[in-house]
Amino acid sequence: MRRVLVALFVLAISFSFVPQVPTHAQSNALIVAGRFTDVITLDPGRAFETTNLIVHHATYETLLNINADDLSKIVPGLAESYSISEDGLEYTFVLNPNAKFASGNPVTAEDVRFSWTRLLNLKGGPSSYLTDFGFKSIEAVDERTVKVRLESPQPAFASVVTAPALSVLEKAVVVAQGGTDAENADQTDAAKDWLDQNSAGSGPFILTRWSPNSEIVMVRNENYWRGAVALEGITLRVTNDAASALQLVARGDADIALGVDADTAEQARGNADLKLNIGQTLNLLYLGISPSEFFNLPISDARVRQAIAHAIDYDGVIALTGGFADRPAAMLPLGIAGSDPNLRYTRDLDKARSLLSEAGYPNGFSMTLFIGSGSTAGVPREVIAAKIQADLAEVGIQLEINQQTTPNFLTAFRAQELPMVISAWTPDYLDATMWTAFFSKADSGVSRRLRMDVPQIAELADQIAAERDPMVREKLLTDYVKAHVEAAVFIPLIQEQYIDVLRKNIEGYVFHPVYLTEFAGVRK
Amino acid sequence: MSLVRYIARRLILSVPMLFGITLVLFMIYNIVQVDPLVMIIGERAMDNPQVVEAAIRKWGLDRPIWEQYFTYLTNILRGDLGTSFLTRRPVLDDLRTHLPATIELAVSSLLFAVVLGIPLGIAAGVYFGSLFDRFVWFISLLNGSLPPFWTGLIFLFVFYYSLGIAAGPGRFPPRMDRPPAVTGLLTLDSILDGNMAALGGALSHLLLPTVILGGFTLALVLRVTRAAIVEEMRREYVRTARSKGLAERLVIVRHALRNALLPLITIIGLAFAGLLSGAVMTETVFDWAGIGQYLVRAAASLDYPAIQGGTLLIAIIYVIVNLCVDVLYSILDPRVRHG
């Protein structure tokens, strides 16, 4: 017995001698804690999730950019200039002569042609960046000039070009790894495995490793053509919840906790080593109410939908996020020209009741509200749904909540089977068409799912998509918002704010509503 | 029956079982009426007929069900578990990526449970009813009834966040370079690399999850050992051994323990198989990128190939562990072979 106890004692002692604070090998690398579990691939031609935007914006570059400080301005990227033909069908990009890949080779027009053609022919999700905009052809006119032709005029195209999916890859490297831009690239391209673990771009960082569900490691591009950045590298470290991300930052094992919830932010406020960075996203959570007769429900009457819009306690909904949210009047987020917060619905229960009486439902009615899983601004769908349920009960509308896993929910939503939903929308590029193209037409987008057929809104959306004069466009957008408020089919509940927790010594970090992060200027 | 024939017979018997598992799995996922395309190509791209068509062709979703199953089965026999809808990587590669983390944690938890649990269980059994026994019993009850996700959070908060004396979540110190991947087991890779600092880093991160996860198994091992020893110590042969004048230590180790080992091996085998199939809660709390987390994510997004592959892996683990248990059993007690 004594021998056993001695052995146990020795074991216990030896465990406690394990070094607890290991040496810091990458002292000047930035460790970023966050969820990052959505990564499927890091091949820019195939990735269509969220975290890949962070990685691609750090390791690759696009022809044009939109900076976080002015979302309405398109600035040069790899292209030093661009021009649009009179008829709006031809875009000519002139590459910056200094632009170089991490390998040291210059970025050429052929690299651009290859990258975009490959994206198109891989036929994956992100190929829609080109196909949705009537992309017809791309041609490398000479070493530095790229000509792109479209089927129809697309004023949004310049902002689409800033999407990380349209990044420029070094053709020689990708081809050497089995990549191809051939017509049947979806069957024959073999560069994915390599691009999952490496990058072939011209950005300030180079991807060196991705361990799924664990971490993504990038190191500084010493050859960066705009001059090497201060950080030695970036490691994106996967944490499953904001609480453990906060612990890592508080203990100094990480420098930034990305996208935490309101409770965690409050906790961080009390810590002198930490500071908050709050960014306005363009992500919207909305209540969608079908106006269609198909469902044979009272909500096909516009007055009933307006009554619902007047019955919601919007301030109470935003309070659920800890106050880290805002809301626009319609599905056009604040920050986009034409989005006018003065047109928003406000809570007015008397108005709601009189609208219901007018429509012939003085005592309300009952129906089902469908939701998926997941959360927005840290608030789970079921919590928002319960809040809406309680608010509408005050005017006699009894909601039954039906929650499903997201795939089931989306399947039914897409099949046009759900009369009332709470769902979310996140932009991929910064142009009003990112919303107007999806929330307006009877035959496409989210509006199709709710069987919305409002000709006035559909016409305005067409005019907005074709209008090139920014002043006229802004006026059209304001009309569009008004029409949507009147229709009361999509009622925005939350425009999410993104909360990052930083250690006090981190400087130069910028939140970007589409790329999420700008790491190039970070110093510690 | 010789031992070799016994093992051979057991192996052959597991083939139809595994076959049945694939059939059941396949049927379940074909009854669930959800469009897998939503997960494969993402919500927005569903509006693009070109993308939809390419995906249907690529994943064989346009072929009849029996043909899909037949393809699935032949692929398994060739070692191809299909490609995950969610990660779009071969399922086998995904399992290979996530399994080392789980193995590392499972082995260290089992070692922790066995090395502490058996001696403590023996001691408690021998000194049955003593203060020591009651103390050990209480601790094991506590361990076995507190859920690991709760104790995990508390331990992280106290020992990492507040006191800073233990390493935090994750498998490795964030600011340290990982050893070159050979086995995927960070401890073993550190040793192969001759990098003692990295080994320390990996061990320090293993400590808390091992105590949490192993603690649960420890309680089990301890209770079974104690109960078996208590029972064996009352038997006639123990009295005989004692009356021969055999030292008490030999009575316990050579006689009582040997018989107590039988139930213990079953429990340890099952516990180990359970640990290897991924401890979802512990893996989640400690950001441990293992099989458990991988499969939960696969299940939440109806990623059939990953669920099928993962379930098959777990089934194989159980078959192998059960086989080992039975073989050990038949060595310790040859009567089993004739049963």
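The values are calculated or read from the model by the stated rules, or taken from the named source; none is laboratory data. Please read all numbers here as calculations on a predicted model, not as lab measurements. Cβ sites come from the backbone with ideal geometry, for glycine too, and all protein chains shown count toward neighbours. Accessible surface areas use protein heavy atoms only, side chains included; no ligands, DNA or RNA. Shrake-Rupley method; radii C 1.70, N 1.55, O 1.52, S 1.80 Å.
Among helices (runs of 4 or more DSSP H) entirely within the range B:228-305, having at least 1 residues that are touching a strand residue (DSSP E or B) at 6+ places or on another chain (Cβ under 9 Å) and either open to solvent by less than 10 Å² (accessible area, probe 1.4 Å) or aliphatic (A, V, I, L, M) (or both) singles out no element at all. Does A:ALA200 meet the test of being of a type in the set (A, V, I, L, M, F, W, C), without any contact (Cβ under 8 Å) to a residue 60 or more places away in the chain and in a loop (DSSP other than H, G, I, E, B)? No.
The residue that is nearest to the chain's Cα centre (by Cα), among those in the range A:109-140 that are in a strand (DSSP E or B) and closer than 25 Å to A:ASN98 by Cβ, is A:ILE138.
Candidates in the range B:62-98 are the residues that are hydroxyl-bearing (Ser, Thr, Tyr) and in contact (Cβ under 8 Å) with a residue 60 or more places away in the chain; of these, the one that is farthest from the other protein chains (Cβ to nearest Cβ) is B:TYR72.
Are any residues in the range A:221-250 under 18 Å from B:TRP288 (Cβ atoms) and open to solvent by 40 Å² or more (accessible area, probe 1.4 Å), and if so, which ones? Selection gives A:ASP241, A:ALA243.
If you go through the range A:86-114 and keep only what is among the small types (Gly, Ala, Ser) and open to solvent by less than 10 Å² (accessible area, probe 1.4 Å), you end up with A:GLY88, A:ALA99, A:ALA109. For beta carbons closer than 7 Å, sequence separation of 6+ or different chains, a first residue in the range B:106-129 that is farther than 19 Å from B:THR187 by Cβ and a second that is assigned to a helix (DSSP H, G or I) and among the basic types (Lys, Arg), the qualifying pairs are B:GLY121/B:ARG226; B:ALA124/B:ARG226; B:GLY125/B:ARG226. Which residues, taken from the range A:265-294, are open to solvent by less than 40 Å² (accessible area, probe 1.4 Å), in contact with a Lys or Arg (Cβ under 9 Å, 6 or more places away or on another chain) and part of a helix (DSSP H, G or I)? The answer is A:ALA268, and nothing else. Within the range B:115-123, identify whether any single residue is in a loop (DSSP other than H, G, I, E, B), in the same structural domain as B:LEU264 (by TED's automatic domain parsing) and buried (at least 22 other Cβ atoms within 10 Å of the Cβ), and answer yes or no. Checked the range B:115-123: no residue is in a loop (DSSP other than H, G, I, E, B), in the same structural domain as B:LEU264 (by TED's automatic domain parsing) and buried (at least 22 other Cβ atoms within 10 Å of the Cβ).
Every residue, every condition in (1) within 10 Å of another protein chain (Cβ to nearest Cβ); (2) touching a strand residue (DSSP E or B) at 6+ places or on another chain (Cβ under 7 Å); (3) modelled with pLDDT of 85 or more; (4) part of a strand (DSSP E or B), yes or no:
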residue: A:ALA7; (1), (2), (3), (4): yes, no, no, no
residue: A:LEU30; (1), (2), (3), (4): no, yes, yes, yes
residue: A:PHE36; (1), (2), (3), (4): no, yes, yes, no
residue: A:THR41; (1), (2), (3), (4): yes, no, yes, no
residue: A:ALA58; (1), (2), (3), (4): no, yes, yes, no
residue: A:ASN65; (1), (2), (3), (4): no, yes, yes, yes
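Scanning the range A:397-421 for residues that are modelled with pLDDT under 95 and part of a loop (DSSP other than H, G, I, E, B) yields a count of 5.
Selection of the range A:238-269 for residues being within 7 Å of another protein chain (Cβ to nearest Cβ) and of a type outside the set (Asp, Glu) yields A:VAL238, A:THR239, A:ASN240, A:SER244, A:GLN247, A:LEU248, A:ALA250, A:ARG251, A:ALA254.
Taking every residue in the range A:338-363 that is touching a residue at least 12 places away in the same chain (Cβ under 8 Å) and closer than 9 Å to A:VAL304 by Cα and pairing it with any residue that is open to solvent by less than 80 Å² (accessible area, probe 1.4 Å) and among the small types (Gly, Ala, Ser), at least 6 positions away or on another chain, the pairs with Cβ-Cβ distances below 6 Å are A:ALA352/A:ALA307; A:ALA352/A:ALA311; A:LEU355/A:ALA307; A:LEU356/A:ALA307. Taking the range A:477-490 as the range and being open to solvent by 20 Å² or more (accessible area, probe 1.4 Å) and not hydroxyl-bearing (Ser, Thr, Tyr) as the test, the residues that pass are A:ASP479, A:LYS482, A:VAL485, A:GLU486. Residues that are more than 10 Å from every other protein chain (Cβ to nearest Cβ) and among the aromatic types (Phe, Trp, Tyr) were ranked within the range B:99-135; the one that is farthest from A:GLU215 (Cα to Cα) is B:PHE128.
Conditions first: (1) surrounded by 20 or more Cβ atoms within 10 Å (Cβ to Cβ); (2) within 27 Å of the chain's Cα centre (by Cα); (3) more than 30 Å from A:THR433 (Cβ to Cβ). A:VAL148 passes all but one, so which condition is the exception? Failed condition: (3). Checking the stated criteria, A:ILE216 turns out to be within 14 Å of chain B (Cβ to nearest Cβ) and among the β-branched types (Val, Ile, Thr). In this structure, A:SER72 does not satisfy being more than 30 Å from A:THR281 (Cα to Cα), modelled with pLDDT of 55 or more and either open to solvent by 60 Å² or more (accessible area, probe 1.4 Å) or in a helix (DSSP H, G or I) (or both). The residues listed here are A:GLU417, A:GLU400; of these, the one that is within 14 Å of chain B (Cβ to nearest Cβ), farther than 23 Å from A:ASN283 by Cβ, open to solvent by 20 Å² or more (accessible area, probe 1.4 Å) and not aromatic (Phe, Trp, Tyr) is A:GLU417. Of the residues that make up the range B:80-88, is at least one over 20 Å from B:THR187 (Cβ atoms) and in a helix (DSSP H, G or I)? No, the range B:80-88 contains no residue that is over 20 Å from B:THR187 (Cβ atoms) and in a helix (DSSP H, G or I). The single condition among (1) over 18 Å from the mean Cα position of the chain (by Cα); (2) crowded, with 17+ Cβ neighbours inside 10 Å; (3) not β-branched (Val, Ile, Thr) that B:LEU313 does not meet is (1). How do the pairs read when you match residues in the range B:269-293 that are at positive phi and at pLDDT below 90 with residues anywhere that are open to solvent by less than 20 Å² (accessible area, probe 1.4 Å) and in a helix (DSSP H, G or I), using Cβ under 7 Å and keeping only pairs 6 or more apart or on different chains? Cβ pairs passing all conditions: B:GLY278/B:THR102; B:GLY278/B:ILE291; B:GLY278/B:GLY292.
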